[in-house]
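This report concerns only the one structure given below.
Just so you know, all these numbers are worked out from the coordinates, no wet-lab data involved. This one's a predicted model, so the numbers in the text were calculated from it and none came from an experiment. Cβ coordinates were reconstructed from backbone atoms using ideal geometry, including for glycine residues, and neighbour counts include every protein chain displayed.
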Amino acid sequence: MQKKELLYEGKAKKVYRTTDPQVYIVSYKDDVTARNGLQRGIVVGKGTLSNRLSNRLFQLLEAQGIPTHFVQEWSDRETVVKKVEMIPLEVIVRNVAAGSLSKRLGFPEGTVLEQPVLEFRYKNDQLGDPMVNASHISALHVAAQEELEHMARLSLQANQILREFFASVQVDLIDFKLEFGRTPEGSLLVADEISLDTCRLWDSETHEKLDKDRLVQDLGGAQEAYGNMRRRLGFPQ
Ligand code: 5GP
């Protein structure tokens, strides 16, 4: 198989067509963007970390029965993935209050939630990815009711698996975002990425932030935080 032309360039990734019509190659960039691209930065080595971490997590989910788009790591920053029709929704799972949940509902940051909180957002940059409920999703015709229920179930299962994984490197999974794709046969699988750009991760002891919030909140030390996670995960520096 060979990589062919660039199909799409997003904020953090490029997607290439290949000689195999069933798969694409994604290439992770070092760029970090936040607030819908209003805030930008470069973290050297972020692309290779996102690639390795996403692939590790996709394989972990697959091993526990959650289908993903992962096919094969292609290079240190590129991966072969199944071609799917992306569903324009973000599914967010929260274990601890932070970010927009704290802003919207007034939970102090760090409040442990009694049960995971699940949210759907409609992916649309112009609208600022608004939160939507089942009724909005039905009106928008972006997913069927059964698909919505299936995405919710898979996301809550993924939460358990990802929490355990991060706990093994003394990191708390505060919240994260998943995106789903539809195969030509109509089944759902986890697509996009699962990385420091899509998860809030805090040191279990000190609660130090080890993710993209270092940049979003102008905390400085994004490069160091990404290096810290790379060391914990045993990935090459
Ligand atoms: P919040 O709604 O608190 O800003 O984000 C909740 C979680 O979802 C965080 O882990 C955040 O990284 C992730 N998330 C929400 N929206 C986006 C998005 O548009 N892009 C990315 N990469 N992650 C998002």
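Report the percentage of all Cα-Cα pairs in the range 1-73 whose separation exceeds 21 Å, rounded to a whole percent.
In whole percent, the long-distance tail amounts to 37.
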* Sort out for me the Cα centre separation of the range 8-67 from the range 80-152, rounded to whole Å. => 19 Å
* **Least to most buried among Leu189, Leu196 (fewest other Cβ within 10 Å first)** => Leu189, Leu196
* Structure fact -> For the chain, whose charge dipole is built from +1 on Lys and Arg Cβ atoms and -1 on Asp and Glu Cβ atoms, the candidate among Val91, Phe58, Leu188 with its Cα farthest towards the positive end is Phe58
* To do: Could you tally up the Lys pairs in the chain with alpha carbons closer than 13 Å? Skip any pair fewer than 8 positions apart unless they're on separate chains.
  => 11
* Asked: At Val169 and Leu233, where each label point lies 7 Å from the Cα along Cα→Cβ, what is the point-to-point distance in nanometres?
  -> 0.5 nm
* Asked: Can you put Asp203, Asp172, Asp197 in order, fewest other beta carbons within 10 Å first?
  -> Asp203, Asp172, Asp197
* Asked: When the helices in the chain are scored as -39500 (n - 2.57) per DSSP H run of 4 or longer and the sum is shared across all residues, what 222 nm value do you end up with, to the nearest 500 deg cm²/dmol?
  -> -9500 deg cm²/dmol
* About the Cα centre, charge dipole magnitude for the range 136-237 (Lys/Arg +1, Asp/Glu -1 at Cβ), debye -> 200 debye
* Structure fact -> The summed charge of the Thr48 Cβ neighbourhood (under 15 Å; Lys/Arg +1, Asp/Glu -1) stands at +2
* So between Gln217 and Met1, what do we pick up on full extension, going 0.36 nm a residue minus the alpha carbon distance? -> 73.6 nm
* Neighbourhood net charge (11 Å Cβ-Cβ; Lys/Arg +1, Asp/Glu -1) for Pro236 -> +2
* Asked: What is the order of Glu208, Glu185, Glu9, fewest Cβ neighbours within 10 Å to most?
  -> Glu185, Glu9, Glu208
* Structure fact -> Projected convex hull area of the range 122-203, Cα atoms, direction-averaged, in nm², equals 6.3 nm²
* Structure fact -> The percentage of Cα-Cα pairs in the chain separated by more than 29 Å is 25 percent
* Structure fact -> Taking the reciprocal of mean 1/r across every pair of different Cα atoms in the range 165-237, the Kirkwood radius in Å is 13.5 Å
* How much net charge surrounds Leu101 when only the other residues with a Cβ under 13 Å from the Cβ of Leu101 are counted, with Lys and Arg +1 and Asp and Glu -1? -> +3
* Round to the nearest 0.05 the FRET efficiency obtained for Glu205 and Leu105 when R0 = 35 Å and r is the Cβ-Cβ distance. => 0.85
* Asked: About the Cα centre of the chain, what is the dipole size in debye to 20, counting +1 per Lys and Arg Cβ and -1 per Asp and Glu Cβ, all else neutral?
  -> 500 debye
